[in-house]
Every structure is written in C-alpha cells, then in structure tokens.
Amino acid sequence: MRLSNPLLTAALLSPATGQLHQLAKQAGLLYFGAATDTPYQRERAPYPESYPQYDAILRDPNEFGQTTPTNGQKWLFIEPEPRLFNFTEGDYVADLAQETGKLLRCHALVWHSQLAPWVESTNWTAEALTSAITRHIRAVAGYYRGRCYAWDVVNEALDEDGTYRKSIFYNVLGEDYIKLAFRVAAEVDPAAKLYYNDYGIERPNSNKTAGAKRLVKMLKDAGVRIDGVGMQAHLHADNHPSAEDLIQTSKGYAELVKEVAFTELDVRIKMPVNDTKLEWQKEGYQKVVTACVKVKACVGITIWDFYDPFSWVPHVFEGQGASLLWFEDFSKHPAYDGMVQTFKKLIAQQSCKKKRRGVTGVGN
Ligand code: XIL
C-alpha cells in the first residue's frame, strides 16, 4: 500500500477517534482547537520521534477544528530585522490549517514580548515608531489576508493592576499605538475578526478585567473597530475561576464586543502530578467548556498545544507542568474525558430545552 497522502498516513496511525471539535460544534461552538509550533523548534526540538503520533492527533479534524501558531507569526520571527520578513514558520501552521480544514487564529501583531531586538533597542520618535508598526502590520496581516479567522492584534497591553503596560510601544506612543494597530489591521484584512488578547482577564472583578474593558471602550469611543476579546486562560489546577465567574466575565466583554474566545487554555499543575491534582485540573478544563457553551458570544476554545512535552509551562514556571491533555507517552489526562462528558451533558441539556420549547410552543 502506498502512503503518500499525509492525511491518510495520519488516519492509519491513529484511527480518527477525536471528539473535542466534533462535540464543541454540536454544543454550538464554532471550534475547539489546539495551538502548535514549528517542528524542530523550541519546546518541540528534543522530541522528533514523537512527531508522527503528534501529527496524527493534531491533524484529526474531529479532535481540533482550529489552530494557532504558538510562535511563528511573532515579531521576533517574522520581521527579525527591519523590513526583512520571514514567513516560513507562520506558513507551516497556516498551511497545516488549510490542509486539515481548520480555522486559523493568527497571533500576534503587536506584543512587547518576543519582539525583534531592533524594535526594542531603537531610540524612536513617535513618527518613526508609527511607521514601523504600520509597515509591520501591513506586511504581516497583508501576507495572511483572507486566511485568518481572527487576529490577535494587540497582545498583553495591560499590567497586573489593569493600567497600561509600560512597553516600548506605550512609552513612545501612549494608548495611540493600540488604536493604530487596530486601524491598520482593519484596513489590511477587513474580513478577519480583530481581537484584544490577554492573560489574567478571566475573573469578573479583577483590576485587569476592568482594564481590558476600559481598553475596549477606549477603542470604541475612538471609532476603531474591535471584534473580540481573547481570554488566554493560562489557569492553575489548584486555583481556577468558577464556571459562574467565567460566564460573568465573558458576558461582560460580550456587552462591548461581538465575540469572546478562550485563546490559550492550559491548566498547570505543581509537580509532581498525582490523582488529586489531575482531578482539579479536569475541573478547570470543564469549567471553561461550560462557560463557553453557556455564553452565546463565546465562539471557541483553543488549548496552547495539547502534548505535555511541547508545553511552554515548565520552561517559564519553575516546578509546574503537565498542563495539557496528553502525557509524554500519549496517554490522555482525565481532563480529556472530563471535557467530553461536560460537552455531552450540555448538548443533552440543550436538546431537552429545545424539546420543552417545542412542546409548550414558547420559543426564543
Ligand atoms: C509562548 C510560547 O508557547 C513559547 O514557545 C514561547 O517560548 C513563549 O511564548 N502568552 C502568549 C503566547 O500570548 O504567545 C505565549 O506563548 C504564552 C503566553
């Protein structure tokens, strides 16, 4: 038998047993997705022997209906020198999305981190930085025009207390850089949904959540288009927001923008792993599923990769890890079945409601 078709190869390696995207759709979401990085790079570099099994899961359209490049479209990699653009890494994930019929969330146009060193080290005038940002967005969003379901236009512009982060962008341009980024993105790729994306904005009453709402209002007051708020949702197994909190927060954003999404979900564990912590983790994942399904404006959930060895968590948060759904040996965390159960329960509740409405004739 010839195995030249990569999709066929993937299907044979692992019979299409994926369920998450399939169930998410049935529950009314647009997608359940997983972000991914370029092979042989960063966290993926030490594990090439796991790629065939990894790819079979990633490519399964019933498991993941959406993907995001975890790194490939960031300024550091895509415009490493002024006017020198390298789309190789971004293209890897964009092409994979196209081949496997997944929606692509594009990430991230303006961000203080993983910024090209030349942007950080230049002594900018306001005018020169305005042109550099404009040129960057025109080139990158222009290159991917029509392929991104959504763009994270500005990422992590807020400090923990909800005030603006004092990034190079803010220090030179103030909040005008945020307006500029959204204006240019809207001009370049009118069909992409334009998102503000941040972490720690998942709880309804935090200063940072208030800051995110202020930021959105600021754009709207200036007549600048913003379509969505992305809650990264890098959560902790031993302390995560309740489903009610996530619902309240999402609804709060939905009063201001058309859509919200959970864009970088992972639930980290203080190592070592044990059954209790895996149970807490499962609850964290389930709460996000419940919240997204129950809030009409929530379009989908993206996990920040799915295979523990490829996760960013242990590299950044000492002593923490196992934050995703597949262990190193490709067995699944309890959180996987936990989410499957939650989706099924919510789907059953929805069809009961529909039936009841049908019988009583009360529809809305
Ligand atoms: C992470 C990547 O996953 C890592 O590979 C990289 O080394 C650091 O960045 N918030 C974001 C993401 O918006 O882009 C970050 O991704 C995780 C935190």
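For the chain, compute Rg over Rh where Rg is the Cα radius of gyration and Rh is the Kirkwood radius from the inverse mean 1/r over Cα pairs.
On the way: Rg = 20.4 Å, Rh = 21.1 Å.
Result for the chain is an Rg/Rh of 0.97.
Could you tell me how far the Cα centroid of the range 287-347 sits from the Cα centroid of the range 18-94, in Å?
15 Å
Could you tell me the number of lysine pairs in the range 235-364 with C-alpha atoms less than 18 Å from each other, where the two lysines are 8 or more residues apart or belong to different chains?
So the count of such lysine pairs works out to 29.
How much of His315 can a 1.4 Å solvent probe reach, expressed as accessible area in Å² and rounded to 10?
Counting only protein heavy atoms, His315 exposes about 130 Å² to solvent.
Using Cα pairs closer than 8 Å and at least 6 residues apart in sequence, work out the relative contact order for the chain, in percent. If you can, show how the numbers build up before the last one.
Values: 703 pairs, mean separation 54.6, N = 364.
Relative contact order comes out at 15 percent.
Percent of alpha carbon pairs in the range 24-102 separated by more than 16 Å? Kindly include the intermediate steps, with their values, before the conclusion.
Details: 1725 of 3081 pairs.
Percentage above 16 Å: 56.
So what's the range 282-362 giving for Rg/Rh, alpha carbon basis, Kirkwood Rh from the mean inverse pair distance?
On the way: Rg = 16.8 Å, Rh = 14.7 Å.
When Rh is taken as the Kirkwood radius, the ratio is 1.14.
Grab the range 95-222 and count how many Lys pairs have their alpha-carbon atoms under 24 Å apart, sequence gap of 8 or more, or different chains.
Lysine pairs meeting both conditions in the range 95-222 amount to 17.
As a test of reading the structure, rank Arg268, Arg83 by solvent-accessible area (1.4 Å probe, protein chains only), most first.
On the way: Arg268 20, Arg83 165 Å².
Largest accessible area first, the list is Arg83, Arg268.
Could you work out [θ]222 nm for the chain from helices alone, using -39500 (n - 2.57) per DSSP H run of at least four and dividing by all its residues? Round to the nearest 500 deg cm²/dmol. Intermediate values should be presented prior to the final figure.
Working: 14 runs with 160 residues, N = 364.
That comes out to -13500 deg cm²/dmol.
Per Stokes-Einstein, at 25 °C and 0.890 mPa s, what whole-number D in µm² s⁻¹ belongs to the range 108-203, with the Kirkwood radius over Cα pairs as the hydrodynamic radius?
Taking Rh from Cα pairs, D becomes 178 µm²/s.
Sort by residue number and report every cysteine in the chain with no other cysteine beta carbon within a distance under 4.7 Å.
Cys352 - these cysteines have no disulfide-compatible partner (Cβ-Cβ under 4.7 Å) in the chain.
All other residues with a Cβ under 12 Å from the Cβ of Arg165 taken together, and with Lys, Arg as +1 and Asp, Glu as -1, what is their net charge?
Working: positive: Lys166, Lys208; negative: Glu156, Asp159, Glu160, Asp161, Glu175, Asp198.
Neighbour charge sum, excluding Arg165 itself: -4.
Between the range 96-119 and the range 233-253, what is the separation of their alpha carbon centroids in Å?
What the calculation gives is 25 Å, centre to centre.
How much of the pair distance distribution for the range 210-364 lies past 21 Å, counting alpha-carbon pairs only, in percent? Don't jump to the answer; show the numbers that get you there.
Details: 6181 of 11935 pairs.
Value for the range 210-364 (Cα pairs over 21 Å): 52 percent.
Along the Cα→Cβ direction, 7 angstrom out, place labels at Asp161 and Glu328. What is the inter-label distance in nm?
4.2 nm
Using a 1.4 Å probe, how large is the accessible area of Leu173, given in Å² and rounded to the nearest 10?
That residue has around 30 Å² of solvent-accessible surface.
The values are calculated or read from the model by the stated rules, or taken from the named source; none is laboratory data. Keep in mind that what you see is a predicted model, and the values were worked out from it rather than measured. Counting neighbours? That spans all protein chains shown, and the Cβs are built from the backbone with ideal geometry, glycine included. The accessibility values were calculated without ligands, DNA or RNA, using every heavy atom of the protein model including side chains. Shrake-Rupley method; radii C 1.70, N 1.55, O 1.52, S 1.80 Å.
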